[in-house]
Amino acid sequence: MSALPTTDTSSAAVTEQRRPRHLGRFLLPTYSWLVIAYLVFPIVVMIIYSFNRVISGLQLVSFAWNGFTFQWYRQWSNIPGLTSAFWLTLRLAIVSTLIATVLGTLLAIALVRYRPPKFRGKGAIEQILFLNIAAPEIVMGASLLGLFVTFNVARGFLTLVLAHVMFSIAYVTVTVRARLAGFDLSLEEASYDLGANPFSTFRLVTLPLIMPGVLAGALMAFALSIDDFVTSNFVSGSSVPFPVWVYGASRVGTPPQVFVFGTVIFTVGIVFAILSLGLSRKKN
Amino acid sequence: MDQPLPTDHPGSVKPTRRLTALRRRLPPYLLSLPAGLWLLLLFIVPLLIMVSITLKTCSPASGACVMTWNWGDLPHVVNLYRPQFITSLIFAAIATIIDLVISFPIAYWIAFYGGRKKNFFLIMLLVPFFVSFIIRTLVWEFILSNNGIVLTFLKHNHLAPSNFHILGTGLAVIAGLAYNYLPFTALPLYVALERIDRRVLNAAYDLYANRRVAFMRVILPLTVPGIFAAFLLTFIPAFGDYVNQEILGGTSNTMIGTVIQNLFLIDSDYAGGASLSVVLLIISLLGIWLYARLLGSRTIEEYL
């Protein structure tokens, strides 16, 4: 060993150092899988207990394991309130996803394409989007209730749609914009050069290219809508969505069917997520 | 929000040219109009109405309210509900710190070693979102209950005294908050780490930095905006959360969200609820303002 390492040995030493082997190969992966296990753990518990027999008179989920049964899957629709709450949530999610995806995508296109001299107020819109995402949900729910009470709007399906679109737009915009960032504008110019008008350019060139982003945004909006409790609880009135119903019931006792619905929603969601993952990978 | 279009065209401009100019200027405003209007009417206006309710003074006799710009109510309600504010602050802060500590290594691992499986791991981080927030919290109630999985295991192995319980304590609320908001911490951290230019890191190694030095002086400083964004996106929602407290905390350790919800939905005390909501809103705005002040407002929405 010389006092001053030659170029060769130094670069070798650096390469040796560059990849922290034990960290990258063993410690970090083990740790990360433990975190993932922690995230998945309650879901596994939910799925297992959706198959749990009930031995007491009241058909409520119990902490003890009483044996395996398909009963709750066969009787999934036995609780009228729960079933109608679920269908309401589904309708609500579909309507609000459609609206939020269209509005959010248009806004994302505006934010990616145009800058302040041509688009004044861009910064303000971005601040509002961040505030919308960061604000505590209870503040948004409470202030919406204040709005509906002030203007005497009856609470129900309509107010739920208004609220759900409101809290979904920002997420859709952010998701679509992230995918739009690498968009090649020359493709649109080529379309114009070939004589297409703005509308058919959008339909035939832009939309197909940003479709994976739009789908991801729609998935996000759908998930947010199905999941929402706090805002819905403020603006639902007589139309009770699934999470609000479950919360109300859980204060007395949770029927096992709740876990059945939870398991089914989870499975469908995961399948969609994996499908969209596969889709975006194929596109790339 | 949308600005009115400047109308400074000289009168001599031909109508067709004016139309083309207008057509060229309109698109960004037209594209953002529907979403902007929706957010204005259903997000900004309601917040302003709530602030105005707080600043009005109502006469108890007639019930009529007059705008008096009375900010004095805010310190008053903060004082009135000080224990609940302090509980929320402590619970949310502890949960956020736990989340930052838990998620930094995994975000680091996915960003630097995720390779082709990056998207798969990101979905795994988001997996809790595929189960309803309420059901997730209910399952934790289930898991942490006295004859649930965790306590049965601990007591069976004599790792906890037989009268030890978690449910109904602050510990359960913090555990629930930490679980429910973990993805909100992990994703901004991932975005920040992913964005670090690998050439900068290699330059540090070329300049004989060892791994620890490279981490402390390159990776960590470059991640600071992401850590702050993660902190905001976790702390603010956790601070206003009441579901975890109501399901896991029982009647003890009431958080401020519970108070707001009860004032609005049970007591129909809209004025009281509005004042507390305005305080929450001010806290959120302070956090966002601080971020913009310290780290530049341009970067804030990059972590969403």
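The values are calculated or read from the model by the stated rules, or taken from the named source; none is laboratory data. Please read all numbers here as calculations on a predicted model, not as lab measurements. Cβ: placed from backbone, ideal geometry, glycine included. Neighbour counts: every protein chain shown.
With crowded, with 18+ Cβ neighbours inside 10 Å and assigned to a helix (DSSP H, G or I) as the only criterion, which of A:V268, A:V264, A:V246 stands out? Answer to the check: A:V246. With respect to (1) on the phi > 0 side of the Ramachandran plot; (2) modelled with pLDDT of 70 or more; (3) not acidic (D, E), the lone exception for B:P46 is condition (1).
Here is a yes/no grid of residues against (1) within 30 Å of A:F234 (Cβ to Cβ); (2) of a type outside the set (D, E, K, R):
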residue: B:L193; (1), (2): no, yes
residue: B:R198; (1), (2): no, no
residue: B:F231; (1), (2): yes, yes
residue: B:F235; (1), (2): yes, yes
residue: B:E246; (1), (2): yes, no
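Counting only helices (runs of 4 or more DSSP H) that sit completely within the range B:109-202, those holding 1 or more residues that are touching a residue at least 60 places away in the same chain (Cβ under 8 Å) and either acidic (D, E) or surrounded by 15 or more Cβ atoms within 10 Å (Cβ to Cβ) (or both) correspond to B:118-126, B:133-144, B:170-194. Screening A:V174, A:V139 for residues that are of a type in the set (A, V, I, L, M, F, W, C), under 22 Å from B:L47 (Cβ atoms) and without any contact (Cβ under 8 Å) to a residue 24 or more places away in the chain leaves exactly one candidate, A:V139. Looking across the range A:116-128 at every residue that is among the basic types (K, R) and at the interface with chain B (Cβ under 7 Å from one of its Cβ atoms), the one that is surrounded by the fewest Cβ atoms within 10 Å (Cβ to Cβ) is identified as A:K118. The set of residues in the range A:123-140 being of a type outside the set (A, V, I, L, M, F, W, C) and over 24 Å from B:S32 (Cα atoms) consists of A:P136 alone.
Which members of the range B:264-277 meet the condition of being more than 8 Å from every other protein chain (Cβ to nearest Cβ) and touching a residue at least 12 places away in the same chain (Cβ under 8 Å)? Those that are more than 8 Å from every other protein chain (Cβ to nearest Cβ) and touching a residue at least 12 places away in the same chain (Cβ under 8 Å): B:A271, B:G272, B:S275, B:L276. When A:T206 is tested against the conditions (1) over 17 Å from the mean Cα position of the chain (by Cα); (2) closer than 30 Å to A:S56 by Cβ; (3) among the β-branched types (V, I, T), the lone failure is (2). For the range A:132-171, which residues satisfy the criterion of being small (G, A, S) and at the interface with chain B (Cβ under 9 Å from one of its Cβ atoms)? Answer for the range A:132-171, where residues must be small (G, A, S) and at the interface with chain B (Cβ under 9 Å from one of its Cβ atoms): A:A134, A:A135, A:G141, A:A142, A:S143, A:G146, A:A163, A:A170.
Each row is one residue, and each column tells you yes or no for (1) in a helix (DSSP H, G or I); (2) modelled with pLDDT under 85; (3) under 30 Å from A:V264 (Cα atoms).
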residue	(1), (2), (3)
A:R177	yes, no, no
A:S186	yes, yes, no
A:E189	yes, yes, no
A:F199	yes, yes, no
A:R203	yes, yes, no
A:F222	yes, no, yes
A:I226	yes, no, yes
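Residue-level check: of (1) facing chain B (nearest Cβ under 8 Å); (2) touching a residue at least 24 places away in the same chain (Cβ under 8 Å); (3) surrounded by fewer than 22 Cβ atoms within 10 Å (Cβ to Cβ), A:N233 misses just (3).
Which of (1) polar (S, T, N, Q); (2) within 28 Å of B:L144 (Cα to Cα); (3) modelled with pLDDT of 90 or more is the odd one out, the single condition A:T101 does not satisfy? In the conditions (1) polar (S, T, N, Q); (2) within 28 Å of B:L144 (Cα to Cα); (3) modelled with pLDDT of 90 or more, A:T101 misses (2) alone.
Quick grid of which residues meet (1) at the interface with chain B (Cβ under 8 Å from one of its Cβ atoms); (2) farther than 25 Å from A:G262 by Cβ; (3) aliphatic (A, V, I, L, M):
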| position | (1), (2), (3) |
| --- | --- |
| A:F51 | no, no, no |
| A:T69 | no, no, no |
| A:Q75 | no, no, no |
| A:F86 | no, no, no |
| A:L98 | no, no, yes |
| A:Y114 | yes, yes, no |
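Restricting A:L131, A:L92, A:L98 to those that are buried (at least 22 other Cβ atoms within 10 Å of the Cβ), assigned to a helix (DSSP H, G or I) and assigned by TED's automatic domain parsing to the domain that holds A:S168 reduces the list to A:L92. When A:W87, A:W65 are screened for being surrounded by fewer than 16 Cβ atoms within 10 Å (Cβ to Cβ) and more than 22 Å from B:F129 (Cα to Cα), only A:W65 passes.
Every condition in (1) closer than 25 Å to A:A221 by Cα; (2) surrounded by 15 or more Cβ atoms within 10 Å (Cβ to Cβ); (3) among the aliphatic types (A, V, I, L, M) is met by A:V45 except one, and the failing one is (1).
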